[in-house]
2 protein chains.
Amino acid sequence: MKLTLILFSKSAFLLLALALFFFAACTQQQPKEAKKQAFGMIIHGGAGTILKENMTPELESEYTAKLDEALTAGYAILKAGGTSMDAIQAAINIMEDSPLFNAGKGAVFTNDGTHELDASIMDGATLNVGAVAGVKHTKNPINLARVVMEQSEHVMMAGDGAEAFGKLHDIEMVDQPYFYTERRSKQLERAKQRESEGASAAEIIPHEDHKFGTVGAAALDQHGNLAAGTSTGGMTNKKFGRIGDAPIIGAGTYANNNSCAISATGHGEYFIRLTVARDIASLVEYKGLPIAEAGDVVIHQKLTELGGTGGVIIIDRNGNMAMPFNTAGMYRGTVDEDGTKVVKIYKE
Amino acid sequence: MKLTLILFSKSAFLLLALALFFFAACTQQQPKEAKKQAFGMIIHGGAGTILKENMTPELESEYTAKLDEALTAGYAILKAGGTSMDAIQAAINIMEDSPLFNAGKGAVFTNDGTHELDASIMDGATLNVGAVAGVKHTKNPINLARVVMEQSEHVMMAGDGAEAFGKLHDIEMVDQPYFYTERRSKQLERAKQRESEGASAAEIIPHEDHKFGTVGAAALDQHGNLAAGTSTGGMTNKKFGRIGDAPIIGAGTYANNNSCAISATGHGEYFIRLTVARDIASLVEYKGLPIAEAGDVVIHQKLTELGGTGGVIIIDRNGNMAMPFNTAGMYRGTVDEDGTKVVKIYKE
């Protein structure tokens with residue numbers, strides 16, 4: 001009897017221990033399951049020869065304020081449970097509408113003295129994409145790219161055809177003078193002057209103008225969906241209907257829920273050759289690299305070795321963010337799920 | 001003394017064994033080092049609803065003969081020690097000049113009744129690239145893409161600008177009627193008829209016209225260098241300056257000596273969304289997949305799951321070749337270093 005009791009007690013103890021173990025395991029699991037989906041956004045307003053000594057405090061404040069405004073607009077959408085697609089579009093629209101950046105108003109001049117804009121957008125949940133190249137009257141090219149994605153059977157359209165499509169879908173059109181800024185006009189003058197003096201291709205864009213003011217944003221929303229978009233006026237003095245990396249899915253823009261979302265800025269030719277955005281996502285997807293490491297491999301190794309300059313912004317499905325660049329500076333900012341904003345211009 | 005001798009013999013035996021082992025290892029190595037660099041080429045003339053029951057024996061012979069001619073031209077260059085870049089260009093030129101394929105002469109009609117051609121080329125040794133989109137008078141768009149790559153600071157040009165550049169570099173221009181073929185004209189008529197009857201986008205291109213006759217080639221030369229190129233007239237009835245995957249590096253074309261060279265054909269929108277060519281190369285580069293497996297993952301899994309149709313040709317740095325497609329047929333062919341040619345049209 002006494003023995004039975006002891007045996008029973010032992011069994012009971014074991015059962016109790018087992019129950020406690022499962023309970024503990026269960027409670028340990030709980031915080032993970034109950035943990036809220038991370039969300040956030042990362043933006044850029046171009047990388048290049050951005051040096052503090054060439055900047056006035058006033059201009060610095062203007063850039064900082066505009067980047068902050070773009071982050072605030074995107075965050076409000078994400079915080080309210082909106083989509084990453086809506087958040088990046090809102091942020092990019094603010095930068096497109098500002099003359100500070102080389103996208104929308106403030107776009108650089110082509111060799112012909114016109115403006116030709118490119119943009120692309122990608123939804124990481126569906127792998128839907130939209131892109132436009134060489135448009136001349138679209139106030140916000142990123143909006144046209146989104147309409148191409150959502151309203152057409154095609155994913156990329158160029159020139160007049162793209163804008164004819166945009167008009168059917170109420171995309172706002174403006175006359176070319178809308179894009180004019182004195183600063184960009186002077187950049188073209190300087191470029192043409194140097195060209196006439198026989199400068200090499202690399203020297204034609206003066207050092208102080210070596211800012212690739214492309215704008216872009218990448219975001220993760222509360223539904224766990226990633227999105228990225230890029231908008232640009234291209235390169236000062238560009239000729240021959242040149243297309244850069246901004247409208248090329250896999251070069252300037254890429255988003256995939258299984259890895260990360262990326263927008264690039266820089267010397268587009270190199271970004272196309274290296275398929276920069278897709279390569280970073282592939283290193284995450286296939287080699288399991290953290291985004292910071294994947295970004296370093298592509299920007300600080302591959303791009304730098306090839307002689308290209310620029311940078312990228314990256315956000316992954318857990319809300320981690322990275323923004324590697326190999327230029328003197330990059331206009332950039334992040335906002336996380338707590339609403340904490342960080343805006344930077346120069347190298348650390 | 002006897003013991004010493006035995007010990008000596010044993011030592012001698014061991015030394016002899018060791019010497020023999022190294023000698024064997026050395027001779028085993030030799031064939032590998034002395035082995036000649038593999039070389040070869042793979043081409044396609046489009047994938048789609050290509051069924052034996054819709055084909056006449058005469059047309060089948062014409063296709064087979066033209067693919068054979070393209071392979072022969074490329075092989076002659078490779079055999080003579082020429083570059084993979086020259087070999088693919090020669091092969092693509094032959095297909096561009098033939099009315100059988102949707103590239104150069106024989107290109108499909110846009111909705112406007114015009115022809116707009118796209119092409120791209122990539123050098124796997126240097127990662128140099130060239131691409132043109134929406135050109136209307138270039139007899140051989142792949143030649144223009146190569147000139148963009150070699151003679152300009154840009155890598156991608158569109159429309160009139162691209163052709164203005166081409167004229168500066170003696171690229172042959174033709175009037176639009178050069179591209180005319182009765183067959184493509186009837187395809188446009190049928191597409192417009194269906195469209196006016198309210199057919200959905202997917203139904204507008206009649207079943208029997210569902211051939212994406214893009215042409216492409218990928219090659220490995222005796223120097224161990226890979227190259228790939230693609231040339232197309234795009235989709236019948238295309239509108240709004242639509243750009244497909246053919247001029248997009250990483251979508252329709254990719255080449256990298258560290259992995260493989262690829263040219264794609266199919267419903268371009270899906271190839272852009274999946275960055276098909278770069279994704280196959282990434283699976284080879286980062287996951288170590290053989291090209292046949294990488295091609296299957298992207299074509300038979302990813303592309304098929306997304307609802308896209310088409311195929312790719314792949315050659316790796318060891319001369320292995322693969323040509324996966326998920327359509328009824330794909331005009332395709334291979335030639336290896338022995339000059340052995342294989343030409344196929346339908347599914348096995």
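The values are calculated or read from the model by the stated rules, or taken from the named source; none is laboratory data. Treat the numbers as computed from the prediction; the structure is a model and nothing was measured. Note that each Cβ is placed from the backbone with ideal geometry, even for glycine, and that neighbours are counted across all protein chains shown. Keep in mind that these areas ignore ligands, DNA and RNA; they rest on the heavy atoms of the full protein, side chains included. Shrake-Rupley method; radii C 1.70, N 1.55, O 1.52, S 1.80 Å.
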Test: residue in the stretch A:54-72 that is at pLDDT below 90 and either open to solvent by 70 Å² or more (accessible area, probe 1.4 Å) or not in a strand (DSSP E or B) (or both):
yes
Exactly one of (1) buried (at least 23 other Cβ atoms within 10 Å of the Cβ); (2) in a loop (DSSP other than H, G, I, E, B) is unmet by B:GLY319. Its number?
(1)
Here is a check on your reading of the model: is B:LEU274 within 10 Å of chain A (Cβ to nearest Cβ), of a type in the set (A, V, I, L, M) and free of Cβ contacts under 8 Å to residues at least 40 places away in the same chain?
yes
Here the residues within the stretch B:162-191 that are more than 14 Å from every other protein chain (Cβ to nearest Cβ), open to solvent by 10 Å² or more (accessible area, probe 1.4 Å) and hydrophobic (A, V, I, L, M, F, W, C) are B:MET173, B:VAL174, B:LEU188
Kindly indicate the residue of the stretch A:322-348 that is open to solvent by 60 Å² or more (accessible area, probe 1.4 Å) and charged (D, E, K, R) and also nearest to A:SER84 (Cα to Cα) among those meeting that condition.
A:GLU337
Of all residues in the stretch B:286-296 being open to solvent by less than 50 Å² (accessible area, probe 1.4 Å) and more than 11 Å from every other protein chain (Cβ to nearest Cβ), the one that is farthest from B:ALA261 (Cα to Cα)
B:GLY295
Here is a check on your reading of the model: is A:GLY229 surrounded by 24 or more Cβ atoms within 10 Å (Cβ to Cβ), in contact with a Leu (Cβ under 9 Å, 6 or more places away or on another chain) and away from chain B (no Cβ under 14 Å)?
no
Looking for whichever is buried (at least 24 other Cβ atoms within 10 Å of the Cβ), in a helix (DSSP H, G or I) and facing another protein chain (nearest Cβ under 9 Å) here; the options are B:LEU283, B:LEU303. Which one fits?
B:LEU283
Any chance you could count how many residues in the stretch B:106-161 are within 9 Å of chain A (Cβ to nearest Cβ), open to solvent by 10 Å² or more (accessible area, probe 1.4 Å) and outside any loop (DSSP other than H, G, I, E, B)?
6
